[in-house]
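Working notes, beginning with the structure itself.
The values are calculated or read from the model by the stated rules, or taken from the named source; none is laboratory data. All values derive from a computational prediction rather than experimental measurement. Here the Cβ is made from the backbone with ideal geometry for all residues, glycine too, and neighbour counts use every protein chain on show.
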Amino acid sequence: MKSAILSFLVFFAVLQFSKHTHAQQLPEILQQVLNADTSYHKIRCKINIHVDVAGLKIPDKKIALELEKGKEPAIKSEGMVFFPKRGVIGQYHEFLDSKCQSILIDEKPDTVLYKLVSLDNSTDWVTVDLKVSKRDARVHEMVISTRKNGEFVVKHWYSRGSFKFPEKTEISFEAMPVKFPLKFMGKTNSEPSIINSDEPVNGKVLLNYSEIVVN
């Protein structure tokens, strides 16, 4: 969890600096990411979900997901679904359209790496590292440190000719010891006891997207 410790150190350093300043304007490439993420009104797609967590047997699922501005995600599926709380398409605006500080960490010929630090204590996320390609402003990797749900590492893969949305996403997480960072979705609002743990929980979720429709 060295990256998480570093994230918290950066967070508190920026808080001290920001007492007398406002959140800076987003760099142009991050503004492009935000513009793309807020340009739609509704996204519909199909997702194949594979959950890999030691000690748990969770069957693969295929769901229909609908994301609409101002509403909770709508999911259609048979039976129970374990769904990642972070890393799904259509979530960049949560970080970029908020009071935050952006810090350039690394720059290569084809990509840039920025660290976003939340300046709002009410947000669940603390820091986000965003690796973005310069040519098309696609997000290829994120490291999300949260207050309550541990750390998430998100990797996106894009098909040739696709727009801003990936065809495949891998979400790795480490939860120290907090509530298991997967949403339980079914016909009941209660969550099974297996998703609470007193020990560190490591896992991986693979999402394969298809039939993406953007309105």
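Before moving on, here are some points about what is shown:
- Condition broken by residue 65, with the remaining ones in (1) in a strand (DSSP E or B); (2) in contact (Cβ under 8 Å) with a residue 24 or more places away in the chain satisfied: (2)
- Yes/no for residue 117 being touching a strand residue (DSSP E or B) at 6+ places or on another chain (Cβ under 8 Å), closer than 16 Å to residue 95 by Cα and either surrounded by 16 or more Cβ atoms within 10 Å (Cβ to Cβ) or at pLDDT 95 or above (or both): yes
Here is a yes/no grid of residues against (1) in contact with a Cys (Cβ under 8 Å, 6 or more places away or on another chain); (2) under 24 Å from residue 40 (Cβ atoms):
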{"position": "96", "(1), (2)": "no, yes"}
{"position": "108", "(1), (2)": "no, no"}
{"position": "117", "(1), (2)": "yes, no"}
{"position": "120", "(1), (2)": "yes, no"}
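- Filter result for residue 141 (of a type in the set (D, E, K, R) and modelled with pLDDT under 95): no
- Hits in the stretch 146-158 (condition: buried (at least 20 other Cβ atoms within 10 Å of the Cβ) and modelled with pLDDT of 95 or more): 154, 156
- Looking across the stretch 53-84 at every residue that is of a type outside the set (A, V, I, L, M, F, W, C) and crowded, with 19+ Cβ neighbours inside 10 Å, the one that is nearest to residue 133 (Cα to Cα) is identified as 84.
- Test result for residue 13, at negative phi, in contact with a strand residue (DSSP E or B) (Cβ under 8 Å, 6 or more places away or on another chain) and either surrounded by fewer than 13 Cβ atoms within 10 Å (Cβ to Cβ) or at pLDDT below 75 (or both): no
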